[in-house]
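Here's the structure we're looking at; comments come further down.
The values are calculated or read from the model by the stated rules, or taken from the named source; none is laboratory data. What you are looking at is a predicted structure, and each value in this text was computed from that prediction instead of being measured. Counting neighbours? That spans all protein chains shown, and the Cβs are built from the backbone with ideal geometry, glycine included. We work out accessible area using only protein heavy atoms, side chains counted, and drop any ligands, DNA or RNA first. Shrake-Rupley method; radii C 1.70, N 1.55, O 1.52, S 1.80 Å.
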Amino acid sequence: MKKVILTFTTFLVLILAISSCDWAKDKTKKTLNKTGEIVGKTGSEFGNGIYKGVKKTFENDVKISDQLKAKGLELGEIVINSSDSATDNVLTAYVIFNDNFDQEIVIKIFNENGKEYGRLKEKLNGEKGDAKHFDFTFDKRVNIGMKGSIKIEQID
């Protein structure tokens, strides 16, 4: 009889140990998943914060001349990109045409001290109600700086 009780007790202890291990594994798995989820969210927010900081750093003061505004030209977002052969030498502008427009413009880039270091002439055309992206590719030696200004003017 003692042998039966000992065998039964051993069997119960083994069942409890095995079920406890499964319980512990399950709890550990859930805890790790939750921790991973929190780290993932934090990392995502951190990366988003870095992106916003970098994007803000590259903001230049962009001005379009009153003459171009009077002719119906309006600017949306301005983004600085790189070409295949250079870094940060492409100005991508979203241009909105409030009137028919077909003429040459000049884009000038100035550093934070007001010194011009890039100039480009380009013909723009669009019909009233149109809006398009235009890539203005400057010389490969022009690296559109972090701070400064960009002026878009009409050519007289």
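Numbers for the structure displayed
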{"read-out": "Cα lying deepest toward the dipole's positive end in region 72-125, options Val95, Phe110, Val79, charges on Cβ", "value": "Phe110"}
{"read-out": "Amide proton proximity set for Val62, modelled H, under 5 Å, gap of 5+", "value": "Ile150"}
{"read-out": "Under the Debye formula (equal points on every Cα, no solvent term), log10 I(q)/I(0) of region 92-156 at q = 0.26 Å⁻¹", "value": "-1.16"}
{"read-out": "Accessible area (Å², 1.4 Å probe, nearest 10) - Thr87", "value": "80 Å²"}
{"read-out": "Amide H within-cut-off set for Leu73, under 5 Å, with H built and near neighbours excluded", "value": "Asn98"}
{"read-out": "Spin-label pair Tyr117/Thr87, simplified geometry with 7 Å Cα→Cβ offset, distance in nm", "value": "1.3 nm"}
